[in-house]
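The values are calculated or read from the model by the stated rules, or taken from the named source; none is laboratory data. What you see is a predicted model, and the numbers here were worked out from it, not measured in a lab. Here the Cβ is made from the backbone with ideal geometry for all residues, glycine too, and neighbour counts use every protein chain on show. Side chains are part of the model used for accessible areas, which takes the heavy atoms of the whole protein and leaves out ligands, DNA and RNA. Shrake-Rupley method; radii C 1.70, N 1.55, O 1.52, S 1.80 Å.
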Amino acid sequence: MPADILRTAWPRLRPGLLIALPALLLAGALAGAVLSWRAAAVNREIAALEAGRDRPVTPDAPAPLLLARVLHLAHRDATEEMEPLVVALEGRQAPALLARARYALGNARLRRALDLIERSQLDPAGPLIVLARQEYRRALQARPDFWDAKFNLDIASRLIRDFPEMDRQVGDELKAEPKKIWTDIPGQPRGAP
């Protein structure tokens, strides 16, 4: 029975299908060409960033382009410019790219802190190390098997220790036992013997 219906309807449907099919194929080809052109443009921008040529990137750009810009800025230690791009990556469904971006941001902060430590400027280096550790932890949240982030988190954790929990007492003065007081960054002692 369905075959009879198809036989009777086919002569009426055939001219419309012959006209619609080429139009649908043309629309599909045009959509494919536009997508291919956009992908090629993104790849050109990524290649330019990897070659060291700075390109502005908006937060609504594709995730691989955002990562390329973050890595470009990381080599220049431009952490303030990196942060909005890393935040923009958080909204995407790309945990591997987000982990690499967080890792790059942590590395930029850790490099800056190590530079300050080499110049014996220990006080401003401490917060940078804490921020670098936070970025490494966030990278590991996005991608728990990221070995490089684990390694750098270990290095940053050895540079500055976490303060142990101290029981807070009411009042302005805290009694601290000498065993519980830790310095932030190990350094050379100051003062006379």
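At a glance:
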read-out	value
Total residues in region 68-95, condition of a type outside the set (A, V, I, L, M, F, W, C) and part of a helix (DSSP H, G or I)	10
Where a residue in region 123-134 is within 16 Å of residue 100 (Cα to Cα) and modelled with pLDDT of 90 or more and its partner, wherever it lies, is open to solvent by 70 Å² or more (accessible area, probe 1.4 Å) and part of a helix (DSSP H, G or I), with Cβ under 9 Å and at least six apart	132/111; 132/112
Lone qualifier among 65, 98 - being within 9 Å of the chain's Cα centre (by Cα) and outside any loop (DSSP other than H, G, I, E, B)	98
Matching residues in region 60-76 - criterion: being open to solvent by 70 Å² or more (accessible area, probe 1.4 Å) and either in contact with an Asp or Glu (Cβ under 7 Å, 6 or more places away or on another chain) or within 19 Å of residue 108 (Cα to Cα) (or both)	75, 76
Only listed residue being under 18 Å from the mean Cα position of the chain (by Cα), open to solvent by 20 Å² or more (accessible area, probe 1.4 Å) and β-branched (Val, Ile, Thr), chosen from 34, 57, 86	57
Tally of residues being closer than 21 Å to residue 90 by Cβ and outside any helix (DSSP H, G or I) across region 125-162	4
Subset of region 8-31 [open to solvent by 100 Å² or more (accessible area, probe 1.4 Å) and either among the small types (Gly, Ala, Ser) or touching a residue at least 40 places away in the same chain (Cβ under 8 Å) (or both)]	none
Breaking point among (1) modelled with pLDDT of 90 or more; (2) in a loop (DSSP other than H, G, I, E, B), for residue 113	(2)
